[in-house]
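**Student:** Let me begin by handing over the structure; questions about it come next.
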């Protein structure tokens, strides 16, 4: 997903949505009110072709498990899912932690299931011959990050650097290079590179690089996982049933999800009930960077 500025998010939301409407009522708890079909979207996948490529098998597996027709709904950018949820153009959205906070705040999206990845940490990497051993030593340095809004590749690393006493506005320079940050680090074009721990070895392997040439100087706590959210206009009984079915059949669902090349990171993961409080670390990041009102 190509994100330039957090302000861009805010402007997009101002134009696209304002408040959420919760149509759940007590009668929902009496029976399971299942829709005839569900529209499914992924925040960081643009276009029907990529959705089919990366989530086609997962969609058909989910359809089988829920016993409800599931159709793709492509979005133009990561934040477009919020107005789509509000207008009921989409029913279920698969989102990263930072996008979840946006969907929850702006569209009152309901967390259903989170994916727990046992190695989902932010790591700060330098060259093996670097004299940099601590985050505080990155003052005045250039850091390759993944993309704006990425939980492990931007937001959490910013918080970690600020916790180390650095000023995010003046003490270091950030360049967004996605997974190419490792090559920039190897060539000496940047002083450090940020990625997630569970992507680290895969990136090195795909780039033909070796762990011995790099050093991990910091590893964060386990980060909250990507999450499936539902429209608050879905019956609460249906959301509860969906959560139960997805947990019961998680092996099959995760296997179908991790089959796609872009989703290898989910291999060996597990579904857990999504707990909103687990995402407070990301809320803290927004507070740290002065964007608390954004949520």
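**Student:** Based only on other Cβ atoms within 10 Å, what is the fewest-to-most ordering of 48, 242?
**Tutor:** Ordered by Cβ neighbours within 10 Å, fewest first: 48, 242.
**Student:** Hey, another quick one. Angle, helix 236-248 long axis vs. longest principal axis of the chain, Cα atoms, 0 to 90°, nearest 10?
**Tutor:** Value to nearest ten degrees: 60.
**Student:** Calculate the length of the line joining the C-alpha centroid of region 251-284 to that of region 206-223, in whole Å.
**Tutor:** Result: 21 Å between the Cα centres.
**Student:** Related question: Apply the a/c threshold of 1.5 to the C-alpha gyration tensor of the chain and tell me whether it is rounded, prolate or oblate.
**Tutor:** prolate
**Student:** Does region 163-245 come out rounded, prolate or oblate, given a ≥ b ≥ c as the square roots of the eigenvalues of its C-alpha gyration tensor, rounded meaning a/c under 1.5 and, failing that, prolate meaning a/b above b/c?
**Tutor:** Note, shape of region 163-245 comes out prolate.
**Student:** Oh, and also: Between residue 170 and residue 252, what is the label-to-label distance in nm when each label sits 7 Å out along the Cα-to-Cβ direction?
**Tutor:** 5.9 nm
**Student:** Answer rounded, prolate or oblate for region 108-184, using the Cα gyration tensor with square roots of eigenvalues a ≥ b ≥ c: rounded when a/c is under 1.5, else prolate when a/b is larger than b/c, else oblate.
**Tutor:** Judged from the Cα gyration tensor, region 108-184 comes out prolate (a/c at least 1.5, a/b above b/c).
**Student:** Between residue 211 and residue 69, what is the FRET efficiency for a Förster distance of 35 Å, r being their Cβ-Cβ separation, to the nearest 0.05?
**Tutor:** 0.15
**Student:** Run lengths n ≥ 4 of DSSP H only: what is the helix-derived mean residue ellipticity at 222 nm for the chain, with -39500 (n - 2.57) per run over all residues, to the nearest 500?
**Tutor:** One gets -10500 deg cm²/dmol as the mean residue ellipticity at 222 nm.
**Student:** Given R₀ = 35 Å, FRET efficiency for residue 261-residue 105 by Cβ-Cβ distance, to 0.05?
**Tutor:** 0.65
**Student:** Could I ask something else about it? Extending each Cα 7 Å along its Cβ direction at residue 116 and residue 129, get the distance between those two points in nm, one decimal.
**Tutor:** 4.3 nm
**Student:** Can you tell me the orientation of helix 97-107 relative to the chain, as the angle in degrees between its alpha-carbon axis and the longest Cα principal axis, to the nearest 10?
**Tutor:** For 97-107 against the chain, the angle is about 40 degrees.
**Student:** Within region 121-145, which residues have the backbone N less than 12 Å from the label spot 7 Å out from residue 184 along Cα→beta-carbon, could you tell me?
**Tutor:** Flagged as within label range: 142-145.
**Student:** Below 8 Å between Cα atoms, with a sequence gap of 6+, how large is the relative contact order for the chain in percent?
**Tutor:** Value for the chain: 28 percent.
**Student:** If you restrict to DSSP beta bridges whose two residues both lie in the chain, what percentage is antiparallel, to the nearest 5?
**Tutor:** Bridges in the chain are about 60 percent antiparallel.
**Student:** Continuing with the same structure: Out of all DSSP beta bridges in region 122-219, what portion is antiparallel? Express it as a percent rounded to 5.
**Tutor:** Percent antiparallel among DSSP bridges in region 122-219 is about 60.
**Student:** Kindly put 87, 256 in sequence by how many other C-beta atoms sit within 10 Å of each C-beta, fewest to most.
**Tutor:** By the 10 Å Cβ count, ascending, the order reads 87, 256.
**Student:** With angles folded into 0 to 90 degrees, how steeply does helix 48-66 sit against the dominant principal axis of the chain? Use alpha carbons for both and round to 10.
**Tutor:** Tilt relative to the chain: about 50 degrees.
We did not get these values from a lab; they are worked out from the coordinates using the rules stated. Computed from a predicted structure; not experimentally measured. Note that we place each Cβ from the backbone using ideal geometry, even for glycine, and neighbour counts take in every protein chain shown.
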